[in-house]
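Worksheet: the structure to be examined is printed underneath.
The values are calculated or read from the model by the stated rules, or taken from the named source; none is laboratory data. On a predicted model such as this, the values are computed, not experimentally measured, just so you know. Only protein heavy atoms, including side chains, enter the accessible area calculation; ligands, DNA and RNA are left aside. Shrake-Rupley method; radii C 1.70, N 1.55, O 1.52, S 1.80 Å.
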Amino acid sequence: MAETHHKKQQIAATLTALRIQVQNEASLLRRKLDMKQHFLDSIKNHPWEWASCAAIFGWLLSRIPARKKRIYIDNSSQKPVKRRDKGPLGKLWREVWQFSKPMIAAYLAKVLAEHAKSSENKGHQS
């Protein structure tokens, strides 16, 4: 009876040790596979290299010719092509868009500023 109780305790202790070992290895693996942190560390340690690569990539993107989409209109139907900006709904849409553009821009600027502040505060706490 005492022997089986001792074996149970041994098995429980071995399982606990294995669980701790697996947990440690999983956290180590999670840390090694955290690509976001690797990129942030790389950018922090090598800012000039990243900035120059970004500039070169931006320059290369600017050299790509614009995509030219060809639209063919078949005149056999003799039906005029409708434009969005004609008519009362088009005028209304244009006025609403002109009115809402500054509000959307202000809202996005506010959200980006808050995001920048929160990420800046996180960086100082680490």
Check your understanding: Helix-derived [θ] at 222 nm for the chain: sum -39500 (n - 2.57) over DSSP H runs of at least 4, divide by residue count, nearest 500?
Key -> -27500 deg cm²/dmol
Point to revise | Largest to smallest principal axis extent of the C-alpha atoms in the range 1-58, angstrom | key: 75, 16, 8
Check your understanding: Which of the following values of semi-axes √(5λ) of the Cα gyration tensor in Å was calculated from the structure shown: (i) 27, 20, 13; (ii) 60, 26, 22; (iii) 25, 17, 12?
Key -> (ii)
Revision key, fill the gap. Probe 1.4 Å, heavy atoms of protein chains only: per residue, the accessible area of the chain in Å² is 103
Revision key, fill the gap. With all protein chains present, the chain has a carbon and sulfur share of its accessible area (1.4 Å probe) in percent of 64
Study note, to complete from the structure: Length gained, residue 16-residue 122, 0.36 nm per residue minus C-alpha separation, equals 34.6 nm
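Would you mind calculating the gained length between residue 42 and residue 106 on full extension (0.36 nm times residue separation, minus the Cα-Cα distance), in nm to one decimal?
So the chain would gain 19.8 nm between residue 42 and residue 106.
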Check your understanding: Which helices, counted as full DSSP H runs in the chain, have an axial Cα extent of no less than 27 Å and a Kyte-Doolittle average of 1.6 or above?
Key -> none
